[in-house]
Amino acid sequence: MKTVEDYEKIRKAYYVERLSIRAISRQMRYSRKLIRQALEDAEPKGYQQKGARQAPVLGSYHARIEELLEDSEKMPRKQRYTAHKIYQLVQAEGYRGCESNVHTYVSQKRRARKPRSAYLPLEFDIGQDAQVDWGEAQAEINGMRQAVQMFVMRLNYSKARFVVAFPFQKQEAFFEGHIQAFHFFGGVPRRITYDNLKTAVFRILEGHHRQEQRAFSAFRSHYLFESHYCTPAQGHEKGGVESDVGYAQRNFFAPIPKAKDFAELNAVLHQVCLNDMQRSVRGENRTVAALVSSFELLSIPLVLGNSVGIDTMATYLYTIGVVGVNKDQGAVAAVAVLIVLLVTGLVYLQTKLVSLERRFVTVGGKATRPKAIDLGVWKGIVSFFVGLYVVLGIILPLGCIVLTSFVPFLSPFMNPLKMLTLKNYQGIFNSPAYFQSIVNSINISIFAAGIGIVFMAVAALIAYRSAFKYRNAVKYMALYPRAFPGIIVGIGFLWAFLLVPGLGSLRNTIIAISIAFIMRYLPLGFSAVSPAVLQVSDELDRAGRVAGATWLGTIRHILLPILKPALVSGYILLAISFLKEYSTALFLVAEGSRVIGTTMLELWKQGGAEPVAALSTIQMAITAVLIIGARKLMGVKLHE
């Protein structure tokens, strides 16, 4: 009998190596019938019995046994015939065979008569459902082995699990387990499924309705999640967390852990849960952490606006496409098409507005001197509002981020200045994966931004300073990527690397991420360079050509020196944008190619606000170095 490995060789030869059935048969010495079976099904089918086995002794009693089974079904449940009783009855009627054959036949018929329970595989939306259960395990606390109670919460979409140990299953432990799980996952699921545990349920009512404990109802009201309860004795309704309890007993508590107290034990369990986030989920090509991070934040509109009923296009698409009860992918596609059409119209309008380039000329053949505008009596008022914006919009938020990065946790009951520590930074620099993400982001910011600004400058010069026949099409192509969210751009590049022959080796590399970032921010660089190109009069071009310079010579010796400040500014903009970008890279990163943005997202989902603040502070420091370095090395003034 052929094995799964044999079938795999056949399928690879046919689908991957593109060999014909005839060639496979000649090389592997398999029949063509076997090869066709392997192509139809990846798993070999076992030998199957084609006909019923002969029963020369029992065969004549089959009808009588079936008749007795039908009579048994009509009798009271506790008085029905057993297989042994049926053997005695047919033996009294002349059966001379063994009892085991009667037992086997009776069990086969009863299995065939018994209606099978049907189960459907459950599917869950991102961040919507979780399951909670208790379990028991052995641990050695302060030199004594004792039973500990495990609180286990499981996120149904990502299969992420959180385990914390307590000495008992009292209500205070039940609540504390929830709070720690919410911090670990970085949020509260919309619905949590329980069995009918006493810490939550006061009385079981009809169906799934329960009269909850008053304290638990208040706890739910505070964290704003829904509770769902299983049917009594139907553990499969929350089979995921039931399985996780057994998994934790066999993996997290084997060998038996030793700790001084429960705090030390839970610190070990917390790290084990973090490591468990890196496992691959069956049926998925991503880790648990990647599945958790697929819940991309919609930033300010979702955090501040959605809770008070303020919707934007992003939150609307998020609602109807991801978390809505009635998802409408058709509406998502329709909105995307409308956005593309809107951007097309705006690009066309921009093309018309800037068609008369001479209206924007400020640098010509004659010397000019810029004139400062005197604000007069408005100077004080404008200075006040600018200063207010700087304090509230820049200094205060950034100061809070820096302060958070130096404390183990933030609490309104403790002075953060008395808890200053470098542990958050030590954790980042001591982790090879996190440190590598910083190095990757720096490399992408420095080198990809340089390549990108050159590419975008060439596009701007072709669009506005050349006689190229399709220069207007270049404008549209340069501005089109702004119509698509970063995550859509990332998915597009993912499929491009998967489907286009020869590009598969670039997938999940820094090169792939750099290309995606350049295309994502092509409109930004193009928009940064284009105004500077439009400001330069074509008189200088004509003067260069009169002097005998070629088009490239004119660009090199006249335009580029004038455009140097704009190119450096565009380079800095691209470098900063590449440094903070994460949504485009979500589907392109892998081990060794993470960037700072995806690492921060991963840390945030794990409940680590303080490490995120430390990584953000590092990001701000790198940004400052980029700006200062551009000024010092390139001699460009960013202000007068």
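The values are calculated or read from the model by the stated rules, or taken from the named source; none is laboratory data. Just so you know, these numbers come straight off a predicted model, no measurement behind them. Cβ placement follows ideal geometry from the backbone for every residue including glycine, while neighbour counts extend to all protein chains displayed. Each accessible area value is taken on the protein alone, full model and side chains, heavy atoms only, with ligands, DNA and RNA left out. Shrake-Rupley method; radii C 1.70, N 1.55, O 1.52, S 1.80 Å.
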Q: Take segment 4-26 and flag every residue that is assigned to a helix (DSSP H, G or I) and at pLDDT below 85.
A: Val4, Glu5, Asp6, Tyr7, Glu8, Lys9, Arg11, Lys12, Ala13, Tyr14, Tyr15
Q.
Could you tell me how many of the residues in segment 217-240 are at pLDDT below 70 and either of a type in the set (Ser, Thr, Tyr) or open to solvent by 50 Å² or more (accessible area, probe 1.4 Å) (or both)?
A. 5
Q. Which helices (runs of 4 or more DSSP H) sit wholly inside segment 418-526 and have at least 2 residues that are closer than 30 Å to Thr617 by Cα?
A. 423-430, 432-443, 449-464, 486-499, 510-520
Q) Under 9 Å by Cβ, and 6 or more places apart or on different chains, what pairs join a residue from segment 95-106 that is free of Cβ contacts under 8 Å to residues at least 40 places away in the same chain with one that is surrounded by fewer than 16 Cβ atoms within 10 Å (Cβ to Cβ) and assigned to a loop (DSSP other than H, G, I, E, B)? A) Tyr95/Val57; Arg96/Val57; Cys98/Val57
**Q.** Single unsatisfied condition, Ile453 versus (1) among the aliphatic types (A, V, I, L, M); (2) modelled with pLDDT of 85 or more; (3) under 23 Å from the mean Cα position of the chain (by Cα)
**A.** (3)
Q: Could you grab me the full set of residues in segment 590-640 that are small (Gly, Ala, Ser), at pLDDT below 70 and within 30 Å of the chain's Cα centre (by Cα)?
A: Gly607, Gly608
Q) Considering Leu346, Leu388, Leu410, which residue is under 40 Å from the mean Cα position of the chain (by Cα), outside the structural domain of Phe184 (by TED's automatic domain parsing) and at pLDDT 70 or above? A) Leu388
(Q) Based on this model, can you work out whether Gly504 counts as of a type outside the set (A, V, I, L, M), crowded, with 16+ Cβ neighbours inside 10 Å, modelled with pLDDT under 75 and in contact with a helix residue (DSSP H, G or I) (Cβ under 9 Å, 6 or more places away or on another chain)? (A) no
**Q.** Tally, over segment 144-176, of residues that are in contact (Cβ under 8 Å) with a residue 40 or more places away in the chain, outside any strand (DSSP E or B), in contact with a Phe, Trp or Tyr (Cβ under 6 Å, 6 or more places away or on another chain) and open to solvent by less than 60 Å² (accessible area, probe 1.4 Å)
**A.** 2
Q: Pick out the one residue from Arg214, Arg190, Arg210 that is over 31 Å from the mean Cα position of the chain (by Cα) and surrounded by 14 or more Cβ atoms within 10 Å (Cβ to Cβ).
A: Arg210
Q.
If I ask for residues that are among the small types (Gly, Ala, Ser) and under 14 Å from Val148 (Cβ atoms), which ones from segment 245-265 would you list?
A. Ala248, Ala254, Ala259, Ala263
